[in-house]
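The values are calculated or read from the model by the stated rules, or taken from the named source; none is laboratory data. This structure is a prediction, so every number in the text was calculated from the model and none was measured. Cβ placement follows ideal geometry from the backbone for every residue including glycine, while neighbour counts extend to all protein chains displayed. The accessibility values were calculated without ligands, DNA or RNA, using every heavy atom of the protein model including side chains. Shrake-Rupley method; radii C 1.70, N 1.55, O 1.52, S 1.80 Å.
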Amino acid sequence: MQFHDDVIDIIKQIPEGMVVTYGQIAAMAGNPRGALQVAGVLHSSSDKHGLPWHRVVNRLGEISLPRGSGYELQKSLLEAEGVEFNRNGRIDMRLFQWSPK
DNA sequence: GCCATGGCTAGTA
DNA sequence: GCCATGGCTAGTA
């Protein structure tokens, strides 16, 4: 599937220390309303393709995974790359959101 | 609201 | 086919 493959390509390009949004990826892959599908791809194909899945967050700059089920891991992976979280557990997207050239 | 996916029944043949 | 189910979100209030 084209969408699926595009999503994977895009995610692979996210540089270390940067993040992108589900919707952003969906739009880049040609389906502005496919945010949920992007989440699906992440959920199912992250391991197989060795994707930097932790660099994908929701539009508010927060981690979407539930506490105790991925949240902590994702947060620590991002912090290890220099991404900072404020007291609300959010990332300042003006500083860390990546967009391709 | 949106939309692709996956699981699980109808309902033909 | 139908229907529930997501690692979601634009656009009101």
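Points worth noting:
- Flag for A:Leu51 being within 24 Å of A:Lys101 (Cα to Cα), open to solvent by less than 60 Å² (accessible area, probe 1.4 Å), in a loop (DSSP other than H, G, I, E, B) and among the hydrophobic types (A, V, I, L, M, F, W, C): yes
- Residue pairs meeting the criteria (Cβ under 8 Å; at least 6 apart or on separate chains; first aromatic (Phe, Trp, Tyr), in segment A:44-68; second in a loop (DSSP other than H, G, I, E, B) and within 16 Å of DNA strand B (Cβ to nearest atom)): none
- Across segment A:85-98, not a single residue is classified as at positive phi, open to solvent by 40 Å² or more (accessible area, probe 1.4 Å) and assigned to a loop (DSSP other than H, G, I, E, B).
- Residue check for A:Ala26: free of Cβ contacts under 8 Å to residues at least 24 places away in the same chain and either open to solvent by less than 50 Å² (accessible area, probe 1.4 Å) or in a helix (DSSP H, G or I) (or both): yes
- The set of residues in segment A:29-47 that are on the phi < 0 side of the Ramachandran plot, open to solvent by 30 Å² or more (accessible area, probe 1.4 Å) and either at pLDDT 90 or above or within 13 Å of DNA strand B (Cβ to nearest atom) (or both) comprises A:Asn31, A:Pro32, A:Arg33, A:Ala35, A:Leu36, A:Gln37, A:Ala39, A:Gly40, A:His43, A:Ser44.
- Remark: pairs (first residue in segment A:1-20, part of a helix (DSSP H, G or I); second residue of a type in the set (Phe, Trp, Tyr) and within 15 Å of DNA strand C (Cβ to nearest atom); Cβ separation under 8 Å; 6+ apart in sequence or on different chains) = A:Ile11/A:Trp53.
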